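**Student:** Please see the structure below; I have some questions.
Bear in mind these aren't lab numbers, they're just calculated from the coordinates by the rules spelled out. Not measured: the values here are computed from a predicted model. As a convention, Cβ positions derive from the backbone with ideal geometry for all residues, glycine included, and neighbour counts pool all protein chains shown.
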Amino acid sequence: MKSLYNRFLSFINTIQGKIAFYPTLFGIVGFGFAMLMLYLEKIGISAFVIEHVPQLVINNADTAKTLLSFLTGGIISIMVFSFSMVMVLLNQASSNFSPRVLPGLISNRNHQFVLGIYLATILYNTFTLVGINPQENNKYQLPGFSVLIGIILTVVCLAAFLYFIHSISQAIQVNNILDGIYKKAKTRLEYLLEKESDEAVSFPDTSSWTSYYSTQTGYYQNIAVANLISICKEEKLQMKILIIQGMFVLEGVPIIQVSQKIDEALVKKILSNFNFAKGEFVEDNYTLAFKQITEIGIKAMSPGINDPGTAISSIDYLTELFALRLKKNDKTIITSNNKSFIAITTTNFKELVYQVMVSYRTYCKHDIICIQKLFIMFKYLLLQKAQLPEYHDVLLAEAKLLFEDAQQSIQNKTDLRRIETLYQTLSNP
């Protein structure tokens, strides 16, 4: 039961990233509200409002019908324009920054809410229009109050449209994209640091354990930790997760190792607690933020864009994220009552730094400004307290590689002396 509940929550989290999710919900609400208002009109709500505040109610069928038709057509035009702007935003973000930032932009809830308000108002006005009988002369039979609500919702749509224009113009700015990615990754890292125990937890050697294989294909997003711990306690076993979060897993590859042989039914029960998807989100996997920010910085250095300022900004955000990552252990072991049950394979610090720096060394080694910024990043990180002492050795090794590449790519002697001076200061940070 817990497994089904967890899978349901994972499904909800996945579809929330779809651009049509919230507009669909708002549309259903708009339709339901229209049905409710039609029912209230039958029991005389418009008659009640006319008796007390007649100035607010339209009592002419032709006027009400024309007004609602005009308002609905206008909202449809605004909605089409808004969708067009979303497509332009996504196209620009993909071309100028990185296709990896698209899921984050698509899942922007504020934009989805605005589109949802449009859709809900269109449905409400349409069904209210259906309830108007132009041959009925009795003003008390007209849905005057419903028409008033439609006018108010249209005004709300206009306000939402103004907000949408402002929001979309902000969302396309690279600094806001970088800041959004950074904040999501920072939140995720801080959460993992809170959950991480300060005490060293041992875990047995798994080389002789039995391996079991994936039955699905997709990006490994997360696991239902509570369910897996319950299974380990019930079956008196330990397990190691072999795949790294965010990794694309193919069917038939080793996915877990278990301390004892288990039957097929238990294997299926364990694997049902793994969540796979066809996309990735920074909220689930902080290493994706390093990848996205790096790609934005490297793309900015391409000849077609030639924007060193964005590359510098990307290094600034990476510096902050690396400083946080220095506080985290490379090994993640899930415990309960001081007993270890699950070992999770994670991207170690050495690999993370290498994957980021190999891109900058390849595409930015000729640019003295970026090289200087990278050395400043290394100097700052070497001043930070690290969870493991070898983290600083990793930084020094990567700085050496950067220095060697820069020496081969830069010919100006003055620039080379400046770089050498920066490199030498790393040994005495």
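**Student:** Report, in degrees rounded to the nearest 10, the 0 to 90 angle that the Cα long axis of helix 368-383 makes with the longest principal axis of the chain.
**Tutor:** Long axis of 368-383 versus the principal axis of the chain: about 80 degrees.
**Student:** To the nearest 20 debye, what is the magnitude of the charge dipole of the chain about its Cα centre, counting +1 on the Cβ of each Lys and Arg and -1 on the Cβ of each Asp and Glu?
**Tutor:** Details: 37 positive and 33 negative charges, 51 e Å.
In total the dipole reaches around 240 debye.
**Student:** Next question, about the same structure. Can you give the FRET efficiency to the nearest 0.05 for Gln170 and Glu420, using r as the Cβ-Cβ distance and R₀ = 41 Å?
**Tutor:** Numbers: r = 42 Å, r/R0 = 1.02.
Calculated value: 0.50.
**Student:** Expected output is a single nm value to one decimal: the length gained when fully extending between Phe31 and Ala397, i.e. 0.36 nm times separation in residues minus the C-alpha distance. What is it?
**Tutor:** Numbers: separation 366, 0.36 × 366 = 131.76 nm, distance 6.20 nm.
The Phe31-Ala397 span can extend by a further 125.6 nm.
**Student:** Once fully extended, how much extra length lies between Lys268 and Thr187, figured as 0.36 nm per residue of separation less the alpha-carbon to alpha-carbon distance? Don't skip to the answer; put the middle values down first.
**Tutor:** On the way: separation 81, 0.36 × 81 = 29.16 nm, distance 3.24 nm.
Full-extension gain reported as 25.9 nm.
**Student:** Given 0.36 nm per residue, what is the gain on full extension from Val130 to Ser94 after removing their alpha carbon distance, in nm? The partial results should precede the final answer.
**Tutor:** On the way: separation 36, 0.36 × 36 = 12.96 nm, distance 4.27 nm.
Value of the extension gain: 8.7 nm.
**Student:** Running a GNM on the chain with Cα contacts under 10 Å, which residue among Gln221, Gln173, Gln112 ends up with the highest mean-square fluctuation?
**Tutor:** Gln173
**Student:** A further question on this structure: Over the chain, calculate the relative contact order: mean separation of alpha carbon pairs under 8 Å at least 6 apart, over the residue count, as a percent.
**Tutor:** Details: 574 pairs, mean separation 66.2, N = 429.
Averaging sequence separation for qualifying contacts and normalising by length gives 15 percent for the chain.
**Student:** Another one. Divide by every residue of the chain the summed helix terms, -39500 (n - 2.57) for each DSSP H run of at least 4, and state the resulting mean residue ellipticity at 222 nm, rounded to the nearest 500 deg cm²/dmol.
**Tutor:** Numbers: 16 runs with 273 residues, N = 429.
Calculated mean residue ellipticity at 222 nm is -21500 deg cm²/dmol.
**Student:** Along Cα→Cβ, 7 Å out, is where each label goes; now give me the distance between the ones at Ala20 and Ile369 in nm to one decimal.
**Tutor:** Computed distance between label sites Ala20 and Ile369 equals 4.4 nm.
**Student:** Quick check: pseudo-label points 7 Å beyond the Cα along Cα→Cβ at Arg109 and Thr206, how many nm apart are they?
**Tutor:** Between Arg109 and Thr206, the label points sit 3.4 nm apart.
**Student:** Ignoring trypsin sites (Lys or Arg not before Pro) that are buried or in helix or strand per DSSP, and keeping those with at most 11 other beta carbon atoms within 10 Å, what is the longest stretch of the chain between them?
**Tutor:** Numbers: sites that count: Lys236, Lys261, Lys278, Lys385.
Longest stretch, sites excluded: 1-235.
**Student:** Once the Cβ-Cβ distance between Gln407 and Ser336 is put in as r, and R0 is 56 Å, what FRET efficiency do you end up with, to the nearest 0.05? Intermediate values should be presented prior to the final figure.
**Tutor:** Working: r = 52 Å, r/R0 = 0.93.
It comes to 0.60.
**Student:** Per the Kirkwood formula on distinct C-alpha pairs, the Rh of segment 297-389 is how many angstrom? It would help to have the intermediate numbers written out before the result.
**Tutor:** Values: mean 1/r = 0.0666 Å⁻¹.
Computed over Cα pairs of segment 297-389, the Kirkwood hydrodynamic radius comes out at 15.0 Å.
**Student:** Something else: Report the longest stretch of the chain that contains none of the GluC sites (Glu not before Pro) sitting in a DSSP loop with at most 11 other Cβ atoms within 10 Å.
**Tutor:** On the way: sites that count: Glu136, Glu199, Glu251.
Free of exposed loop sites, the longest segment is 252-429.
**Student:** Name the most mobile residue of Leu162, Leu401, Leu416, meaning the one with the largest mean-square fluctuation, in a Gaussian network model of the chain with Cα contacts below 10 Å.
**Tutor:** Leu162
**Student:** Still on this structure, please answer the following. Name the residue, out of Ile165, Ile293, Ile334, whose mean-square fluctuation peaks in a Gaussian network model built on the chain with Cα pairs under 10 Å.
**Tutor:** Checking each option, the largest mean-square fluctuation is seen for Ile165.
**Student:** Now a separate question. Could you tell me how many degrees, from 0 to 90 and to the nearest 10, lie between the Cα long axis of helix 413-425 and the main elongation axis, the longest principal axis, of the Cα atoms of the chain?
**Tutor:** Orientation of helix 413-425: about 80 degrees from the principal axis.
**Student:** Expressed in whole Å with the largest first, what are the equivalent ellipsoid semi-axes of the chain derived from the C-alpha gyration tensor as the square root of 5 times each eigenvalue?
**Tutor:** With the √(5λ) rule applied to the chain, the semi-axes are 53, 33, 16 Å.
**Student:** Okay, next question. Helix 144-171: angle to the longest alpha-carbon principal axis of the chain, degrees 0 to 90, nearest 10?
**Tutor:** Helix 144-171 sits at roughly 20 degrees to that axis.
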